[in-house]
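What follows is a short report on a single structure.
The values are calculated or read from the model by the stated rules, or taken from the named source; none is laboratory data. Given the structure is predicted, the values throughout are model-derived calculations rather than measurements. As a convention, Cβ positions derive from the backbone with ideal geometry for all residues, glycine included, and neighbour counts pool all protein chains shown. The area values use the complete protein model at the heavy-atom level, side chains included, leaving out ligands, DNA and RNA. Shrake-Rupley method; radii C 1.70, N 1.55, O 1.52, S 1.80 Å.
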Amino acid sequence: VQGPEAAAVLEMAGVDLGGLTFMNGFEPKDDWFMSRSGYTGEDGFEIYVDSTHALGIWNHLLVVGAADGLLP
């Protein structure tokens, strides 16, 4: 999830960023790993999960982020 609203979208989706800072990572939930970077020039997050959870997370983020203009 990249862009100026990335952190807000993740928080609205119920993801606790736990004070995650640039170029660091942590496990916000069991079987998740998340890192924060800005390779697009904007704030951004990478979420690593088992493929069995990926589609559900993807769909949830799209629904929650739609009001803020989140696009795939």
Report summary line: Contact list, first residue from segment 43-62 and touching a residue at least 60 places away in the same chain (Cβ under 8 Å), second anywhere and surrounded by 12 or more Cβ atoms within 10 Å (Cβ to Cβ) and in a helix (DSSP H, G or I), beta-carbon distance below 8 Å, six or more apart or interchain, is 61/9; 61/10
Query raised in the report: Which of (1) on the phi < 0 side of the Ramachandran plot; (2) in contact with a strand residue (DSSP E or B) (Cβ under 9 Å, 6 or more places away or on another chain); (3) exposed (fewer than 15 other Cβ atoms within 10 Å of the Cβ); (4) not polar (S, T, N, Q) is the odd one out, the single condition residue 31 does not satisfy?
Result: (1)
**Report entry** Residue in segment 49-72 that is hydroxyl-bearing (Ser, Thr, Tyr), within 23 Å of residue 4 (Cβ to Cβ) and exposed (fewer than 13 other Cβ atoms within 10 Å of the Cβ) present
**Finding:** no
Query - Tally of residues being modelled with pLDDT of 90 or more, open to solvent by 30 Å² or more (accessible area, probe 1.4 Å) and either small (Gly, Ala, Ser) or over 20 Å from residue 54 (Cα atoms) (or both) across segment 9-28 - result: 5
